[in-house]
1. For Glu148 and Ala77 in one chain, what is 0.36 nm times their gap in residues minus the Cα-Cα distance, to one decimal in nm?
2. Three principal axis extents, largest first, for the C-alpha atoms of the chain, in Å?
3. Divide by every residue of the chain the summed helix terms, -39500 (n - 2.57) for each DSSP H run of at least 4, and state the resulting mean residue ellipticity at 222 nm, rounded to the nearest 500 deg cm²/dmol.
4. Restricting to the chain, compute how many DSSP beta bridges are antiparallel as a %, nearest 5.
5. Looking at the chain as a GNM with Cα springs under 10 Å, which of Ser254, Ser202, Ser280 has the largest mean-square fluctuation?
6. At a 10 angstrom cut-off on C-beta neighbours, averaged per residue, how do the peptides 270-277, 157-164 rank from highest to lowest?
7. In square angstrom, rounded to the nearest 10, how much accessible surface does His47 have for a 1.4 Å probe?
8. Please give, to one decimal in nm, the separation of the simple spin-label points placed at Ala273 and Thr372, each 7 Å out from Cα toward the Cβ.
Amino acid sequence: MRIDAAASEGRSRAERLAQELGGLEVDALLVESLVDVRYLTGFTGSHGLALLLGESARAKLARHRFLTDFRYATQSAEQVPDSFEREIVSGDLLEAAAAVLEGTSGRLGFDEAHLTVKAHRRLAELLPAGWELLACNGAVERLRAVKEPGEIARIRAASQLADEALAGVLEGGLAGRTEREVAIELELAMRRLGAEAPSFPSIVAAGAHGALPHAEPRDRAISRDVLVTIDWGALHEGYCSDCTRTYATGEGISQLARATYALVLDAQQQGLAAVRAGRSGREIDAVAREVIERAGEGEHFGHGLGHGVGMEIHEGPRLSRTASEEPLRAGNVVTVEPGVYLPGRLGVRIEDLVVVGEDSQEVLTSLSKALTVIS
């Protein structure tokens, strides 16, 4: 991402969120999560926080504040938009943030998911008289959940890169190689194609090991005539991709393996077709889950159908039995990934990444979902 583009995006996002602070009943918002700080300011360093000001606070303090230390003086000057007044702090960032509010009063919002109990206690001690703390959980995450066109373009590019990387790895076959070898080669391939990193540790799980949804690749050779589940993604220009495919290593796989694959594929396709703005994550999960439950395998599908993907690999919205009834919105990017896991025997998961539209959808993953033999 070009720095000037990131700064422009950050300025717009910060202003949108600042306008919502009144509705959250706060006068300012402390943003400590580095992912949220990057989203609002474009800053990619490892130490910084933002203080967003609502209308009343800005009348006295003028501009939002961005605080970091001397290591990032030059970087923050290049990345952080001028809608933020930058401060290079020699001491504690929370102490400096509290000092900004001297001479004013109001409510300071914070996110309980990111501010520790210790930091909360410290901040309460530091705040000037007349200020109180108020939890505003998920304020930035809710904004991040609806992606802008530029964000979707970056997620699309990350997905295309990841697909290309796996296609190259599969040319070398699977049988006879260890799960760990395949995972390492896949992550190296993504980096060579331009990824900053894998978006999460790659999963390569063969045979009975595939019955573990989050299996760790082993130093064990992949056998012939088994199923191999590969779950991988790329982090590219600050945005993640996520995809899963399950392959066969020979035509001699069992009938149970074929039937399980067909069942999961049916559930995945029906769940994918149900993804639309206006439908809740719980409702969409139920569509795919019913397919698996009707086949008598409901107890072997224990996780949710999907989750949001963006700057983090797991973010809102969620598609699950316990998801809220809040409807999906156009611009959400979610996974659809049912699975059936038969302990001691095999596992199958099939996953696509999809952009939610008003009356349509865009599937970002392109690799075939037909049961494919990779020997």
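The values are calculated or read from the model by the stated rules, or taken from the named source; none is laboratory data. What you see is a predicted model; the values in this text were computed from it and never measured. A quick note on method: Cβ atoms are made from the backbone with ideal geometry, for glycine too, and the neighbour counts reach across all protein chains shown. Quick note on the areas: whole protein, heavy atoms, side chains included, nothing else; ligands and nucleic acids left out. Shrake-Rupley method; radii C 1.70, N 1.55, O 1.52, S 1.80 Å.
1. 23.1 nm
2. Reported extents, whole Å, longest axis first: 75, 40, 37.
3. Per the formula, -11000 deg cm²/dmol.
4. Details: 39 of 52 bridges.
Counting DSSP beta bridges with both partners in the chain, the antiparallel share is about 75 percent.
5. Looking only at Ser254, Ser202, Ser280, the biggest GNM fluctuation is shown by Ser254.
6. Values: 270-277: 19.6, 157-164: 22.2.
Top to bottom by mean Cβ count within 10 Å: 157-164, 270-277.
7. Spelled out: His47, probe radius 1.4 Å, area about 70 Å².
8. Going from the Ala273 label point to the Thr372 one covers 2.3 nm.
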